[in-house]
Amino acid sequence: MSKYSRKTIWNIRVKRLQEKVLIHWPSFTIWNAGKQGRHFYKSLGPLFQEKVAAFCDVDVKKVGKYYAPYEKGAKNYPKIPIIHFKDSTPPMIICVKLDLTGGSFEENIASLNLIEGTDYYFV
């Protein structure tokens, strides 16, 4: 068991991603409009939240809707579109675990002909 909490490790990973990758991207897409994608968005600093152009997903119940993160005391908060993954463009941050979908998620990534470390990163 690690002496560091899961939250501490997560925060270090997000901070490093912001400092080494996201700082260079004018905008990006978050792949996963579900719990993990929203958690990643909320973990970002305000500058990086502003760079989120869209969420993408395969779930037709989510596609075509918006994610509107609530912030206590905020008068206006963004409405971020949720698009189908086939309509997404790089760069993107992928918030989906591998090997959970019988290969269909991996096939979806491969179908876009993206390069890991250039067009997308896993978080």
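The values are calculated or read from the model by the stated rules, or taken from the named source; none is laboratory data. Keep in mind that what you see is a predicted model, and the values were worked out from it rather than measured. Quick reminder, even Gly has a Cβ in these numbers, built from the backbone with ideal geometry, and neighbours come from all protein chains shown.
Worth a mention:
Condition check ((1) modelled with pLDDT under 95; (2) basic (Lys, Arg); (3) under 19 Å from Tyr67 (Cβ atoms); (4) in contact with a Lys or Arg (Cβ under 8 Å, 6 or more places away or on another chain)) across all residues:
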| site | (1), (2), (3), (4) |
| --- | --- |
| His84 | no, no, yes, no |
| Ile94 | no, no, yes, no |
| Ser104 | yes, no, no, no |
| Val123 | yes, no, yes, yes |
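- Screening the candidates Asn11, Asn32 for the property of being in contact with a Ser or Thr (Cβ under 8 Å, 6 or more places away or on another chain) and either more than 22 Å from His84 (Cβ to Cβ) or at pLDDT 95 or above (or both) yields one hit, Asn11.
- Filter result (touching a strand residue (DSSP E or B) at 6+ places or on another chain (Cβ under 6 Å) and free of Cβ contacts under 8 Å to residues at least 60 places away in the same chain) within segment 76-107: Lys79, Ile80, Pro81, Ile82, Ile83, Phe85, Ser88
- Evaluation of Lys75 against (1) more than 29 Å from Ile12 (Cα to Cα); (2) modelled with pLDDT of 95 or more; (3) exposed (fewer than 14 other Cβ atoms within 10 Å of the Cβ) (one fails), failing number: (2)
- Residues (of a type in the set (Val, Ile, Thr) and over 28 Å from Ser111 (Cα atoms)) located in segment 1-59: Thr8, Ile9, Ile12
- Leading residue by the ranking (surrounded by the most Cβ atoms within 10 Å (Cβ to Cβ)) among those in segment 16-63 that are of a type in the set (Gly, Ala, Ser) and over 10 Å from Ile93 (Cα atoms): Ala33
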